[in-house]
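Engineer: Just passing along the structure, written as C-alpha cells.
The values are calculated or read from the model by the stated rules, or taken from the named source; none is laboratory data. Predicted model, so just to flag it, every value in this text is computed and none were measured. Cβ sites come from the backbone with ideal geometry, for glycine too, and all protein chains shown count toward neighbours.
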Amino acid sequence: MIRVAILGSTGSIGRQALDVIRAAPDQFEVVALAAGRNVKLLVEQVLEFHPAAIYALPSREANALRTISDAEWSEPEMIAVRSDVDVLLTATNGLAGLPATIAALRAGIPVAIANKESLVVGGSAVISALKEGQSAGAELRPVDSEHSAIWQCLWGEQPDRVEHLTLTASGGAFRDLDLTQLDAVTPEQAVSHPNWDMGKKITVDSATLFNKGLEAIEARWLFNIPLDRINILQHRESVIHSMVTFTDGSVKAQLGEPDMGLPIQIALAYPDRVPVHPAPPLDLAERGALHFGTVENDRFPCLNIALEAGRREDTTAAAISGADEAAVAHFLANECRFTDIPRLLTLALESHQPTISPDLNTSLEAEQWGHHFVDEVISSGLL
Ligand SMILES: NC(=O)c1ccc[n+]([C@@H]2O[C@H](COP(=O)([O-])OP(=O)(O)OC[C@H]3O[C@@H](n4cnc5c(N)ncnc54)[C@H](OP(=O)(O)O)[C@@H]3O)[C@@H](O)[C@H]2O)c1
C-alpha cells in the first residue's frame, strides 16, 4: 500500500491523481488532501477517500468543512512531514506548494512534483533540501510528462553520458493561427489545448510557449544540466513526450498517447510500473505519421524570454515567472490582449534589477516584484 498526500487535490493534476488512486484501491491510500478555494469538490473527495488530514484556504466554506469532518486540519507544511506519508504529490499552482515541498524533502519524504514554478523560482533551495534528505529517503520524481519521459530515459544510464535533452512542444492552441489574428484571440480560445486537458494558467502558457521555457528551467534543476544543452522541438501530436541524446549518438525517447495518468502513476508508484490506469494504447500504424519542426520565434516570443531569464542564473527567472503569472491572470480577466503577454514579459526582463546567487527569500521577493510590476503596468495604462 502506497500512502499518498496530495497538495492541490481539486486541480487538474490532483483530480487525475485521484482517478489513478480510485482505480487501484488496493495499491494506494489517500492520507491527506489539500486544496485552495474549491471546498465543494474537496468535500466530495473527503467523503470518498477519508483522508486523515485535510486543508483548504481560509473561507466560510472551509470553516464549515472543519466542523463536519473528522479529519485533522493541517497546514500543507505539516501534511508534508507526516510520518504516514510515503509520497507527497505537489500539484498546486504558483508557489503555494513550495514550502511543503522543501519540508517533505528535508524530512526524507519522496516528492512527486508537478508544480514547475516551485523549481523555476526555488530550484536551488529545493535541490539543497533534496540533498539534505536524500539519505533518509528523499527523492524528486517528475510528474510533468516531458520530465517524466526524460527521467524514464535516464533510468540505468550514467549522467556523464548525457549529451543533451530534447523537450517536445505541441505548439498549443494557436500553432496554426495566422499571426495577424493573434491580437484578437480570446481567453476561451487560449484555454483550449489541442492535445492536453490542463488548468487554465498552464494552458495559456502552452499557447505562448512560455510553458516550454519554464519546463527547460525545470529540467535544468531536475537533471542538473545547463540550459544550453536542452533543445526544444516542435512535435504536433505530443506522442513523443521527450528525448535524451547520449554521448555515443544514441537517442532514447518515451512515447505514449497524451494522458497525464501515466506520469502521475509512475511518480506515485516508482520504482514499480503498476498497470492501474493504463494509458490509451499507442497505435503508431493507426497514427500513420508524427510531425516535427523548429519553433517559430515570431509566433512564440515568450519561449526565448523565459530561456533568456533562465540563462542568467540570478533572480531573473523568478521575476519573469511572477510577471507571467500576473500577465496571464490579466489576459484571462480580459484586461490585456494575448499579444500583450510577451510585451509585459519583455518590459519585466528589461526592468528587473537582478540579484546574483540569491537565497530563497530573495527569489521569492523577485517573483513578487514580477507580479507587482505587471499589475502596475496594466493599472497605469502604459501598454
Ligand atoms: N494540468 C496538467 O496537465 C499539468 C501538466 C504538467 C505540469 N502541471 C503543473 O502542475 C501544477 C498544477 O497544475 P494544474 O493544471 O493542476 O493547476 P490547477 O488546475 O489550477 O490546480 C491548482 C490546484 O492548486 C490548489 N491550490 C491553489 N492554491 C493553494 C493553496 N494555497 N493551498 C492548497 N492548494 C492550493 C487549487 O485549489 P482550488 O482549485 O481548490 O482553488 C487546485 O487544487 C502547475 O504548476 C502546472 O504547471 C500541470
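Engineer: Answer yes or no as to whether residue 14 is of a type in the set (Gly, Ala, Ser), in a loop (DSSP other than H, G, I, E, B) and either assigned by TED's automatic domain parsing to the domain that holds residue 79 or away from the ligand (no atom under 16 Å from the Cβ) (or both).
Structural biologist: Considered against the rule, which asks whether it is of a type in the set (Gly, Ala, Ser), in a loop (DSSP other than H, G, I, E, B) and either assigned by TED's automatic domain parsing to the domain that holds residue 79 or away from the ligand (no atom under 16 Å from the Cβ) (or both), residue 14 comes out as no.
Engineer: Next question, about the same structure. Please verify whether residue 112 is more than 9 Å from the ligand (Cβ to nearest atom), of a type outside the set (Lys, Arg) and not in a helix (DSSP H, G or I), treating the condition exactly as stated.
Structural biologist: For residue 112, the condition - more than 9 Å from the ligand (Cβ to nearest atom), of a type outside the set (Lys, Arg) and not in a helix (DSSP H, G or I) - is met.
Yes/no matrix, rows are residues, columns are (1) hydroxyl-bearing (Ser, Thr, Tyr); (2) assigned to a loop (DSSP other than H, G, I, E, B); (3) crowded, with 21+ Cβ neighbours inside 10 Å:
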| position | (1), (2), (3) |
| --- | --- |
| 102 | no, no, yes |
| 128 | yes, no, no |
| 188 | no, no, no |
| 194 | no, yes, no |
| 198 | no, yes, no |
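Engineer: Go through the range 156-175 and report how many residues are surrounded by fewer than 14 Cβ atoms within 10 Å (Cβ to Cβ) and within 15 Å of residue 338 (Cβ to Cβ).
Structural biologist: 0
Engineer: Could I ask something else about it? Please list, ordered by residue number, the strands (runs of 3 or more DSSP E) wholly in the range 218-307 having 3 or more residues that are in the same structural domain as residue 178 (by TED's automatic domain parsing) and within 19 Å of the chain's Cα centre (by Cα).
Structural biologist: 230-235, 240-246
Engineer: Return the pairs, sorted by first residue and then second, in which the second residue is more than 7 Å from the ligand (Cβ to nearest atom) and of a type in the set (Asp, Glu), the first residue lies in the range 36-52 and is closer than 17 Å to residue 12 by Cα, the beta carbons are less than 8 Å apart, and the residues are 6+ apart or on different chains.
Structural biologist: Once the first residue is closer than 17 Å to residue 12 by Cα and sits in the range 36-52, its partners that are more than 7 Å from the ligand (Cβ to nearest atom) and of a type in the set (Asp, Glu) give 39/61; 40/61.
Engineer: Which of the residues spanning the range 36-75 are buried (at least 18 other Cβ atoms within 10 Å of the Cβ), polar (S, T, N, Q) and not in a loop (DSSP other than H, G, I, E, B)?
Structural biologist: Passing the criteria: only 45.
Engineer: If you check residue 206 against the conditions, is it more than 12 Å from residue 167 (Cβ to Cβ), of a type in the set (Gly, Ala, Ser) and not assigned by TED's automatic domain parsing to the domain that holds residue 343?
Structural biologist: Details: more than 12 Å from residue 167 (Cβ to Cβ): yes; of a type in the set (Gly, Ala, Ser): yes; not assigned by TED's automatic domain parsing to the domain that holds residue 343: yes.
Spelling it out, residue 206 is indeed more than 12 Å from residue 167 (Cβ to Cβ), of a type in the set (Gly, Ala, Ser) and not assigned by TED's automatic domain parsing to the domain that holds residue 343.
Engineer: In this structure, does residue 74 turn out to be assigned by TED's automatic domain parsing to the domain that holds residue 137, in contact with a strand residue (DSSP E or B) (Cβ under 7 Å, 6 or more places away or on another chain) and within 23 Å of residue 98 (Cβ to Cβ)?
Structural biologist: Yes.
Engineer: Hey, any hits in the range 119-130 for a residue that's within 9 Å of the ligand (Cβ to nearest atom) and under 11 Å from the mean Cα position of the chain (by Cα)?
Structural biologist: No - not one qualifying residue is present in the range 119-130.
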